[in-house]
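Chemist: Before I ask anything, let me first share the structure, which is written out below as structure tokens.
What follows draws every value from the coordinates through simple rules; no lab data is involved. Quick caveat: nothing in here was measured; it's all calculated off a predicted structure. Here the Cβ is made from the backbone with ideal geometry for all residues, glycine too, and neighbour counts use every protein chain on show.
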Amino acid sequence: MAHKQLIDTELPIRPDVTSTSRPWAGITVQIHHWRGPGSAVSPELDHDILAMRYLGHSSLEQRRMGQVHRSLVVPGNLGLHPRGVMSRWKWDRPGSIVISRIPPSMLAEAANATIRRDRPDYTLRNCFGARDVFAETILNLLAREITMPEHPTQTLLAEHLSCALASHLVHRFNADPVNPCGKQNGLRPSALSRVLDYMHNSADANVNLQDLATIAQVSRFHFARMFKRSTGQSPMAYLERIRLFQARELLYASGHTVTTVAFMVGFSDQSHFCRRFKHHFGVSPGSILRRNRT
């Protein structure tokens, strides 16, 4: 697939990071780091938007197509905004989102190539909230790429990821097939909010499953399953994500050693910390320290 259409549309609030300056063909990716509560309006557009919560949890109100949807969103939560539809968002705390803007030509080509029908339907449906491991993985990879310096394989990688996501969307979120964005039985929003607040405030502590289940007021035997249904991750994977993001901020902002930072965010083994950090961010903790010193 070859897609040369560039979408340089932005929200009234400019993104902190964007792919528009990269020589990519395909999906435009933007990252917004909200510094506090706020709101934004996206007018009727000629392209579809897939948005994903990237960092932090928040109460989010969305208004679209005459509907109002309120929910607690966590990293990985997806929202699909079909073209030709105005969207309004309102949130109550800081955090980050990834916005991907998909050219209609890309969806049309993906539908023609993959949907075996005389008249393939590639209209994407409105979806206020969903969990989708494939789409989440692709958006995380694209977000990672636009926060990294350009490299020789970046354009090819981004274009392949764009094509893969477009093909997935015309199947998973097609307006025609019966495959709704149904809700799964997870933790109640109030219980999930308490648990996430505790995890963010205790990332450097020895957090255990029983403590979290007690805060959520559910059985320890049900908690892990309900938490994963709500967030898409196990409690320990979510906690590790918090710790690694905190570690990255400490490495950028302080003169601490890698060993000190590892212990500050709750890792007792420096080598394990370094392995998980590089797996998550693609660079070692030491490389960030060396970069800051130059």
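Chemist: Using Cα pairs under 8 angstrom and six or more residues apart, how large is the relative contact order of the range 1-83, in percent?
Modeler: 24
Chemist: In whole Å, what are the Cα extents of the range 4-80 along the three principal axes, biggest one first?
Modeler: 36, 27, 21
Chemist: Kindly rank 209-215, 266-272, 50-56 from highest to lowest mean number of other beta carbons found within 10 Å of each residue.
Modeler: Top to bottom by mean Cβ count within 10 Å: 50-56, 209-215, 266-272.
Chemist: Another one. Please state the relative contact order of the chain as a whole percent: Cα pairs under 8 Å, 6+ residues apart?
Modeler: 15
Chemist: Taking the dipole about the Cα centre of the chain, with the C-beta of Lys and Arg at +1 and of Asp and Glu at -1, give me whichever of 245, 51, 15 is farthest to the positive side.
Modeler: My answer, from the dipole projection, is 245.
Chemist: Magnitude of the Cβ-charge dipole of the chain, K/R +1 and D/E -1, about the Cα centre, nearest 20 debye?
Modeler: Dipole of the chain, to the nearest 20 debye: 540 debye.
Chemist: Let me make sure I get this right: for the range 127-263, a, b and c are the square roots of the gyration tensor eigenvalues over alpha carbons, sorted descending. Under 1.5 in a/c it's rounded, otherwise prolate if a/b > b/c, else oblate. Which is it?
Modeler: The shape class here is oblate.
Chemist: In debye, nearest 20, what is the charge dipole magnitude of the range 189-293 about its Cα centre with +1 on Lys and Arg Cβ and -1 on Asp and Glu Cβ, if you could check?
Modeler: Dipole magnitude for the range 189-293 comes out near 400 debye.
Chemist: Rank 135, 60, 104 by how far each Cα sits towards the positive end of the charge dipole of the chain (+1 on Lys, Arg Cβ; -1 on Asp, Glu Cβ) and give me just the farthest.
Modeler: Going by the charge dipole, the pick is 60.
Chemist: Using a simple charge model, +1 on the beta-carbon of Lys and Arg, -1 on the beta-carbon of Asp and Glu, nothing else, what dipole does the range 17-172 show about its Cα centre, in debye to the nearest 20?
Modeler: Value, rounded to 20: 500 debye.
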